[in-house]
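The structure appears right after this line, and notes come after that.
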Amino acid sequence: MSESDKHQGHKETGADTGADTDTDGVLAEVGPRLRRVRKERGATLAGLSSATGISVSTLSRLESGLRKPSLELLLPIARAHQVPLDELVGAPQVGDPRIRAAKPIVMHGRTHWPLTRQPGGLQAYKVLEPKRKLEPEPRTHEGYEWLYVLSGRLRLVLGEHDVVLGAGEAAEFDTRVPHWFGSTGEGPVEFLSLFGRQGERMHVRARPKKRGEDD
């Protein structure tokens, strides 16, 4: 899978910032979900307006994301569609939080194991890059990426930088900067990749090197 095929802000300022970001992400998905549910039921905006007492303009703004959803608006819509409110909001079901091993995706010689279940937002993968020597082909696209090397050595070309990350090292970068990463040619490398399509930054950091450690 290429970076553009695979590839999901602002910098963390505290615990509240992460919670706000999660909430914003949930709310951003409500509009498209409202439109999908309505169309699946063959309802028009005018018909839904008649059933709920909500104006057509307000319903249209809700579906396009121009109006922030509220309980007062979502409850009558859920009743009109005869669906649970959770279905409109996209609230996750309470259950086993463990991610079951998904079928790996092999593309361009690199193997990816998806580690996230929800579409959109941040996406996580475990990646195995085989031993091979490739010529870097930096590219750009929207998003923000975080990499953490589990084993082996990963070469990262980012703008004017050309560095090698060893096990336990991490990197994060704006993917609008020309970048490429892959094998150093010395052996296989296994790493974790977190990617946000809309530029979400990861609220994780690599362990800083202690003074006196080798660079």
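The values are calculated or read from the model by the stated rules, or taken from the named source; none is laboratory data. None of these values were measured; they are calculated from a predicted model. Cβ sites come from the backbone with ideal geometry, for glycine too, and all protein chains shown count toward neighbours. Surface accessibility is based on the protein's heavy atoms, side chains included, excluding ligands, DNA and RNA. Shrake-Rupley method; radii C 1.70, N 1.55, O 1.52, S 1.80 Å.
Worth a mention:
- Looking across LEU150, LEU134, LEU122, one residue alone is touching a strand residue (DSSP E or B) at 6+ places or on another chain (Cβ under 7 Å), at pLDDT below 90, open to solvent by 60 Å² or more (accessible area, probe 1.4 Å) and not polar (S, T, N, Q). It is LEU122.
- Qualifying residue in the stretch 26-41 (condition: modelled with pLDDT under 85, of a type in the set (D, E, K, R) and under 30 Å from TRP146 (Cβ atoms)): yes
- Subset of the stretch 153-185 [surrounded by 14 or more Cβ atoms within 10 Å (Cβ to Cβ), part of a loop (DSSP other than H, G, I, E, B) and acidic (Asp, Glu)]: GLU169
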